[in-house]
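Below is one structure; the comments refer to it alone.
The values are calculated or read from the model by the stated rules, or taken from the named source; none is laboratory data. A quick note: this is a predicted structure, and the numbers were derived from the prediction, not measured. All Cβ positions, glycine included, derive from the backbone under ideal geometry; neighbour counts span all protein chains shown.
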């Protein structure tokens, strides 16, 4: 991880430093700057973020409880690598939950600025797909799905760890699709968007199920070796 910002200041409380550190490390994982299997060396992180060991340990414990990292014998804390079973179970749960979220979002949709935000995300994904910019597309894709879940208004749904782990699944499986799937996926996003903005609850559920069902079907058909994460610049 290159040059993370220093978080501590003379007026910072320990709890605020821990909060900021959790956000900074989670963001680095979500953006792919530190990939699956990356070893989080505590001495290096303490120096980079100018924090004490106690604050760092608390931050890592929170990230572990959220499912972002795990502790491996003789390596310490590493960004979590999901097993094939964990990935397939996670995407199956995600399909059911996000289908429900899309329906709820459509049923109560009345906030047009939110619709504009979704439209802007779909437009930006068109640009990324045309440029075959997979990292940007995946980030925007996560934002789109997160927005749909947020529009459901269901706090319990938003708190589900399997939805939070979607980004880890995407990072680990980033090499599993060819570039042709980007524009197709975004056409499916467009269908979800139309249904949500027009208040078509059933249509939103069907569109989300068709989208995630197709993607999940591709992953289920992959051989076991495809679930091994690709080497990343952040892995060591």
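Descriptive notes on the structure:
- Counting residues in the range 64-85 that are at pLDDT 90 or above and over 29 Å from residue 227 (Cβ atoms) gives zero.
- Some residue of the range 17-25 being out of contact with any strand residue (DSSP E or B) (no Cβ under 9 Å at 6 or more places or on another chain), at pLDDT 85 or above, surrounded by 18 or more Cβ atoms within 10 Å (Cβ to Cβ) and more than 24 Å from residue 162 (Cα to Cα): yes
- Exactly one residue out of 44, 95 is at pLDDT 90 or above and under 19 Å from the mean Cα position of the chain (by Cα), and it is 95.
- Only one of the listed residues (213, 199) is closer than 30 Å to residue 110 by Cβ, modelled with pLDDT of 80 or more, out of contact with any strand residue (DSSP E or B) (no Cβ under 6 Å at 6 or more places or on another chain) and not in a helix (DSSP H, G or I). That residue is 199.
- Matching residues in the range 26-73 - criterion: being part of a loop (DSSP other than H, G, I, E, B), in contact with a strand residue (DSSP E or B) (Cβ under 8 Å, 6 or more places away or on another chain) and crowded, with 19+ Cβ neighbours inside 10 Å: 34, 35, 36, 37, 38, 40, 68
- Candidate set: the range 127-137, residues that are part of a helix (DSSP H, G or I) and under 19 Å from the mean Cα position of the chain (by Cα); chosen: the one modelled with the lowest pLDDT: 135
- Out of 193, 140, 168, sole residue that is in a helix (DSSP H, G or I), in the same structural domain as residue 88 (by TED's automatic domain parsing) and modelled with pLDDT under 90: 168
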